[in-house]
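Here is the structure we will look at, set down as C-alpha cells.
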Amino acid sequence: MKTIHLGGRLHENPENISLLKADINYTHIYFTDGSHKLVATTLGILEKRLPRSFFRVNRSTVVSLKNIRPSEKEDQVFSQKVGAIRISRRRKEAFKVQYLQFKQA
C-alpha cells in the first residue's frame, strides 16, 4: 500500500491513520492502534496528501471516514479516539455527500 509523508522522516500508510488534529503549526496524528504523534507539518499540507477517504469536518480536524460513526446530533460525528467531533456548519452538506459515497463504495 502507498505511504504518505507526514513530516521529518515519518511515512505512514493512510489506512493506519484515524484522526488529525491541528495545533497551530503542528499536527497531532492519531493512529488506529491507539498511538499518537506530533509532527511539525500543518494540517492543510497533510490534508492535501491524504486520499478521499478523509474529510476535514472543521477548521482543526480531519477524520478518516472509516473510523467514525454518526452521532445522534446532526452536526457531530463520533470517534473512538477523541469522542464527539463537531462538524462545521458550512461543511455539513459536503460531509453528508462524501460520507454516503464512502459507505456505498
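The residue list Gly34, Phe95, Ser60 was ranked by how far each Cα lies along the charge dipole of the range 4-104 toward its positive end, using unit charges on Cβ atoms, and Phe95 comes out on top. Computed about its Cα centre, the charge dipole of the chain is approximately 280 debye, with only Lys, Arg, Asp and Glu carrying charge at their Cβ.
Structure remark: mean-square fluctuation, Gaussian network model of the chain, C-alpha springs under 10 Å; the largest value among Leu65, Leu38, Leu19 belongs to Leu38. Considering helices alone, the calculated mean residue ellipticity of the chain at 222 nm is -5500 deg cm²/dmol, with DSSP H runs of length four and up weighted by -39500 (n - 2.57) and normalised per residue. For the Cα trace of the range 4-104, dividing Rg by the Kirkwood Rh returns an Rg/Rh value of 0.94. The region of the chain that goes longest without hitting one of the trypsin sites (Lys or Arg not before Pro) in a DSSP loop, each with at most 13 other Cβ atoms within 10 Å, is 10-51. Identify which of Val63, Val82, Val39 has the largest mean-square fluctuation in a Gaussian network model of the chain, with springs joining Cα atoms closer than 10 Å. Result: Val82 has the largest fluctuation of those listed.
Quick note: the coordinates plus some simple rules give every number you see, no bench work behind them. Here the structure is a predicted model, which means the values were calculated and not measured. For neighbour counting, all protein chains shown are included, and Cβ atoms are generated from backbone atoms with ideal geometry for every residue, glycine included.
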